[in-house]
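> Please read through the structure below; I'll follow up with questions.
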Amino acid sequence: MNKRALLLGNINYTKPLTKVTSAINDVKALKYKLNQLQFDINEYIDIAKNEISEETKAFIYEAPCDSTNIIYFSGHGFQLNGVNYIAPIDFGTNYLSRGIKESACSLDEIMLYTQDKQANFIFIIDACRDNILKEINQNYADMKVYPNVYIAFATQFNETASYVPNGFSFFTKVLCDNILTPNISIDELFQQVRNELYKSYGKQLSNTVNGLLKKIILNSIIKADNLDYEIYNFVETFGEKYNERFGYFAGEIELFIDTSQKYDVSLLDVMYKYGKVSSKVCNTQLLEEDESKWITFKYLISMGVIESNYVWSFRGRKVRMGEIPLLPNSMQKLTPIIGKEIDVKINLEVQSNGILVKSNLPNGFILQANVDGLIFSRSEIVVDGKCVFKFNKENVNAGEYRISLSSPIVNVMTQINKDEVGIRGRNLCGPNVSFDEIWGNSIEFKDVFIIN
């Protein structure tokens, strides 16, 4: 998972605002923790309004699909007419001539940049949220919920946030104390922060707004027990022997079935336990348990594990499959983003040296082709709605040929705008598109053409 962070700290405000002497320490402390979590970090200190707008917009627009992105601000903040603002370093210089709204940065406006982005954003705002025009009575207003966006405020609406001069803010200190907690979601993290902040400092109660559509864990650590290591060592010890006896793929299944019986663990569980240790050994990221087991289940089916009368078997051997998880939310089919639907259209044109494929697929999209009895270039990239699959010989026999077009998963395509096609190709739709729980949407087109 791609992890990025944008850290903003404003310290040296001009009058009438006071300096926020904790902001530099807050940014440095959080940066240190995020480095441990392997975030790519951009840091800005004493940043003006235009710079905040430009940097946050660029940071959000450049976020890769399905990445996790943190935007942190430490400095002055306030609310006006129910709208939350953060104060740029030049706010005190500009607000008398330009007005408050034109001199501060509205969080709602910043959030709008995230619309239609297929990434997750966590905004952490360590600033006050009190009424800047105290002589005017203003009603409470909720912060709007944005999809794939989580907002953590240091304090409640209409309240102030506190800090130790030349030290740390109360909120960021507690956040840094808890952010490395393993295997907890963002929501659990900030609930933990809220509890400790209130217990330690009494008055200040942090607040969150959750629009995330999936569980986000910043510090995912695999925990493997003794049984996991026993299973891993058994499989590694006898793997080659099983492959020699049964063949590579069948040998793998036979080995895991025997491991399942030896340790009295279901087949899905034994393969997940093996995967936990393998991920630690190879330093790779393990999927959530339900995702991992679902993919394993699909793999076992593809390898010939079958079910009959509620009994699972492989090549005549009974198999204790274990509990099959429900299809995880992260693997369910996503509807296209409204206004970005691509109803895929494909037309063929026979040429002397190959087949011209015309489509409305975006530039950089990869198509793969296969033709009965006529092998030619297998993969081509769409440019301006066209690509050509060339024959491998000059004189092609006349006759009727069947062609099938497909595509690799969207995530491996490096030359397309992934925001255009969406996560897992979600914006692709129509009869020429197929869906797979693991890989998402891809092209599936079949037709017949004639060579005279």
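Every number here is computed from the coordinates shown, using simple stated rules; none is lab data. If you're wondering where the values come from, they're calculated on a predicted model, not measured in any experiment. Positions of Cβ are generated from backbone atoms using ideal geometry, with glycine treated the same way; all protein chains shown enter the neighbour counts.
> Determine by what factor the alpha-carbon radius of gyration of the range 43-161 differs from 2.2 N^0.38 Å, reporting the quotient.
My calculation over the Cα atoms of the range 43-161 gives 1.05.
> Measure nothing but the geometry: give the 0 to 90° angle between the long axis through the Cα atoms of 248-263 and the longest principal axis through the Cα atoms of the chain, rounded to 10°.
60
> Please work out the Cα center distance from the range 284-347 to the range 171-200, rounded to the nearest Å.
Centre-to-centre (Cα) distance: 35 Å.
> For the range 342-451, please report how many Lys pairs fall under 24 Å Cα to Cα, leaving out neighbours fewer than 8 apart on the same chain.
Count of close lysine pairs: 14.
> For the range 128-287, would you read off the P(r) tail past 25 Å as a percentage of all alpha carbon pairs?
So the pairs more than 25 Å apart make up 55 percent of the total in the range 128-287.
> Against the longest alpha carbon principal axis of the chain, how many degrees, from 0 to 90 and to the nearest 10, is the axis of helix 226-246 turned?
Once rounded, one gets 20 degrees.
> If you wrap a convex hull around the Cα atoms of the range 3-210, how much volume per residue is inside, in Å³?
112
> While we're on this one: Using alpha-carbon pairs under 8 Å, 6+ residues apart, how would you state the relative contact order of the chain in percent?
Contact order relative to length: 10 percent.
> Separate question: Report the calculated FRET efficiency for Asp258 and Glu288 (r = Cβ-Cβ distance, R0 = 25 Å), to the nearest 0.05.
Efficiency, rounded to the nearest 0.05: 0.40.
> Oh, and also: Tell me the angle of helix 186-201 to the major Cα principal axis of the chain, expressed in degrees between 0 and 90 and rounded to the nearest ten.
20
> Another question about this same structure. Taking the number of other C-beta atoms within 10 Å as the exposure measure, put Tyr299, Tyr274, Tyr95 in order starting with the fewest.
Listed from fewest to most nearby Cβ atoms, that is Tyr299, Tyr95, Tyr274.
> Sort Thr160, Thr18, Thr56 so that the residue with the fewest other Cβ atoms within 10 Å of its own Cβ comes first and the one with the most comes last.
Least to most surrounded, the residues fall as Thr18, Thr160, Thr56.
> For the range 203-256, compute the orientation-averaged projected area of the C-alpha convex hull (one quarter of its surface), in nm².
Here the figure is 7.6 nm², rounded to one decimal.
> R0 = 51 Å: FRET efficiency of Tyr248 with Glu55, Cβ-based, nearest 0.05?
Here the calculated transfer efficiency is 0.50.
> Which of Tyr248, Ser260, Tyr310 sits farthest toward the positive end of the charge dipole of the chain, with +1 on the Cβ of Lys and Arg and -1 on the Cβ of Asp and Glu?
Ser260
> Assign unit charges at the C-beta atoms only (+1 for Lys and Arg, -1 for Asp and Glu), then state the dipole size of the chain relative to its Cα centre in Debye, rounded to the nearest 20.
Charge dipole of the chain: 260 debye, to the nearest 20.
> Here's another thing I want to ask about it. State the answer as a single residue: which of Leu227, Ser407, Val164 lies farthest towards the positive end of the charge dipole of the chain, with beta carbon charges of +1 for Lys and Arg and -1 for Asp and Glu, about the Cα centre.
Positive-end residue among those listed: Val164.
> Now a separate question. Given 5 Å bins starting at zero, what is the percent of C-alpha pairs of the range 226-327 in each, up to the one with the largest pair distance?
Per 5 Å bin, starting at zero, the Cα-Cα P(r) for the range 226-327 comes out as 2, 12, 23, 26, 23, 10, 3, 0, 0 percent.
> Which length gain, in nm to one decimal place, applies between Val83 and Asn397 when the Cα-Cα distance is subtracted from 0.36 nm times their residue separation?
Extending this stretch completely gives an extra 105.9 nm.
> What list of whole percents do you get for P(r) of the chain, with Cα-Cα distances grouped in 10 Å bins up to the one holding the largest distance?
For the chain, the pair-distance distribution reads 4, 16, 21, 20, 18, 12, 7, 2, 0.
> If you place +1 on the Cβ of every Lys and Arg, -1 on the Cβ of every Asp and Glu, and leave all else neutral, what size is the dipole of the range 97-248 about its Cα centre, to the nearest 20 Debye?
Here the range 97-248 has a charge dipole of around 400 debye.
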